[in-house]
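The structure appears below as structure tokens.
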Amino acid sequence: QVQLVESGGGLVQAGGSLSVSCAASGRTFSTRFMGWFRQAPGKEREFVAAITWIGGITFYADSVKGRATISKDIAKKTVYLQINSLKPEDTALYYCAATRTDKYGQSDAYDYWGQGTQVTVSS
């Protein structure tokens, strides 16, 4: 079992930046990827970014590429997501998730999920 707890969401003006964190606990040794997904009201959950738990290889959705940075601190078992130049369309509930597979972009490949943290971007 892996437990994930997100923090750091909030309200920010368009053009600003926001960082969210995900603290992991439990049996993280089998984790292959840590990912961030988001879900806006009335929309499906979508992939945002992912990072390998070992090595730190990163992948981003086209919608945030060039604006987002995913990083990790293994010692703290924490994954971070920073998004710059925020847009109103970035408004969503942001979820952290863990998978033992290489299917980093597929939400159904993730075994463990956090409760989500709300990010709201005002125009």
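The values are calculated or read from the model by the stated rules, or taken from the named source; none is laboratory data. Just so it is clear, the structure is predicted and the values come from calculations on it, not from any experiment. Don't worry about glycine lacking a Cβ; one is built from the backbone with ideal geometry, like all the others, and counts go over all protein chains shown. Accessible surface areas use protein heavy atoms only, side chains included; no ligands, DNA or RNA. Shrake-Rupley method; radii C 1.70, N 1.55, O 1.52, S 1.80 Å.
Which residue out of 21, 25 is at pLDDT below 95, in a strand (DSSP E or B) and open to solvent by less than 60 Å² (accessible area, probe 1.4 Å)? Before the answer, list the steps.
Working: 21 fails: at pLDDT below 95.
Selected residue: 25, the only one of 21, 25 that is at pLDDT below 95, in a strand (DSSP E or B) and open to solvent by less than 60 Å² (accessible area, probe 1.4 Å).
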Problem - Residue in the range 88-95 that is open to solvent by 50 Å² or more (accessible area, probe 1.4 Å) and either in contact with a His (Cβ under 7 Å, 6 or more places away or on another chain) or of a type in the set (Lys, Arg) (or both) present - result: no
Practice task
Take the residues in the range 47-72 that are within 14 Å of residue 24 (Cβ to Cβ) and at pLDDT below 95, then tell me which one is most open to solvent (accessible area, probe 1.4 Å).
Solution key: 54
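May I ask you to list the residues in the range 38-63 that are aromatic (Phe, Trp, Tyr) and under 13 Å from residue 79 (Cα atoms)?
If we filter the range 38-63 for residues that are aromatic (Phe, Trp, Tyr), which is where we start, we get 47, 53, 59-60.
53, the sole residue that qualifies.
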Handout entry: Total residues in the range 28-39, condition touching a residue at least 12 places away in the same chain (Cβ under 8 Å) and exposed (fewer than 14 other Cβ atoms within 10 Å of the Cβ)
Key = 1
Problem - Verdict on residue 102 being in contact (Cβ under 8 Å) with a residue 60 or more places away in the chain, surrounded by fewer than 17 Cβ atoms within 10 Å (Cβ to Cβ) and of a type in the set (Asp, Glu) - result: yes
Practice task
Take residue 73 and decide whether it is of a type in the set (D, E, K, R) and within 20 Å of residue 4 (Cβ to Cβ).
Solution key: yes
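Yes or no: residue 118 within 18 Å of residue 8 (Cβ to Cβ), touching a Phe, Trp or Tyr at 6+ places or on another chain (Cβ under 8 Å), surrounded by fewer than 18 Cβ atoms within 10 Å (Cβ to Cβ) and in contact (Cβ under 8 Å) with a residue 40 or more places away in the chain?
The answer is yes for residue 118.
Would you please name the residue that is nearest to residue 64 (Cα to Cα), looking only at residues in the range 82-117 that are in a strand (DSSP E or B) and more than 12 Å from the chain's Cα centre (by Cα)? Walk me through it before giving the result.
Our first condition is that a residue be in a strand (DSSP E or B); within the range 82-117, this holds for 82-83, 92-99, 112-113, 117.
Now restrict to residues that are more than 12 Å from the chain's Cα centre (by Cα): 99, 112.
Values: 99: 21, 112: 23 Å.
If we take residues in the range 82-117 being in a strand (DSSP E or B) and more than 12 Å from the chain's Cα centre (by Cα), then 99 is nearest to residue 64 (Cα to Cα).
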